[in-house]
1. Among the numbered conditions (1) assigned to a helix (DSSP H, G or I); (2) over 19 Å from the mean Cα position of the chain (by Cα); (3) closer than 23 Å to residue 147 by Cα, tell me where residue 96 comes up short.
2. Would you check if residue 77 is within 18 Å of the chain's Cα centre (by Cα), within 24 Å of residue 47 (Cα to Cα) and surrounded by 10 or more Cβ atoms within 10 Å (Cβ to Cβ)?
3. Could you list, in sequence order, the residues of the range 23-41 that are in a helix (DSSP H, G or I) and surrounded by 11 or more Cβ atoms within 10 Å (Cβ to Cβ)?
4. Could you grab me the full set of residues in the range 42-66 that are within 16 Å of residue 131 (Cα to Cα) and either touching a strand residue (DSSP E or B) at 6+ places or on another chain (Cβ under 9 Å) or in a helix (DSSP H, G or I) (or both)?
5. Can you give me the number of residues within the range 9-22 that are modelled with pLDDT under 90 and in a helix (DSSP H, G or I)?
């Protein structure tokens with residue numbers, strides 16, 4: 001029971017539960033408004049004409065939602081495995097240097113993690129607009145299917 005009151009001892013289920021409580025509280029107090037976020041995403045100019053075809057627009061939107069809900073977790077899992085693999089490979093390359101400098105092994109992992117975050121930040125102009133476009137398209141699909 002004592003682990004609950006020490007966040008440094010928390011495992012993944014504890015962090016997920018705590019995050020869910022914070023998000024729920026933010027929605028209930030009005031600090032976070034998912035409807036407004038969905039309206040902003042679905043109203044972006046690059047996706048306003050998406051799914052507007054009269055015969056198959058709704059079916060296309062439904063296919064996008066279906067594909068995202070069922071294939072998305074596999075893509076996320078593959079991305080996580082890829083990041084872990086890259087971190088292991090680069091960590092193995094940096095580990096002899098950190099041992100030579102008499103640093104703990106966690107310094108190699110921290111160095112690689114900071115390097116990957118910096119690389120993602122520097123390349124954000126490649127992946128952020130595409131991510132925003134995809135989330136906008138998904139919000140537009142939900143709007144079309146639910147309308």
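The values are calculated or read from the model by the stated rules, or taken from the named source; none is laboratory data. Owing to the predicted nature of the structure, the values given are computational and were not obtained by experimental measurement. In this analysis, Cβ positions are derived from the backbone assuming ideal geometry, glycine residues included, and neighbour counts consider all displayed protein chains.
1. Evaluating residue 96 over (1) assigned to a helix (DSSP H, G or I); (2) over 19 Å from the mean Cα position of the chain (by Cα); (3) closer than 23 Å to residue 147 by Cα leaves (3) as the failure.
2. It is false that residue 77 is within 18 Å of the chain's Cα centre (by Cα), within 24 Å of residue 47 (Cα to Cα) and surrounded by 10 or more Cβ atoms within 10 Å (Cβ to Cβ).
3. Matches in the range 23-41: 23, 24, 25, 26, 27, 37, 38, 39, 40, 41.
4. Correct list: 42, 45, 46, 47, 64, 65.
5. 5
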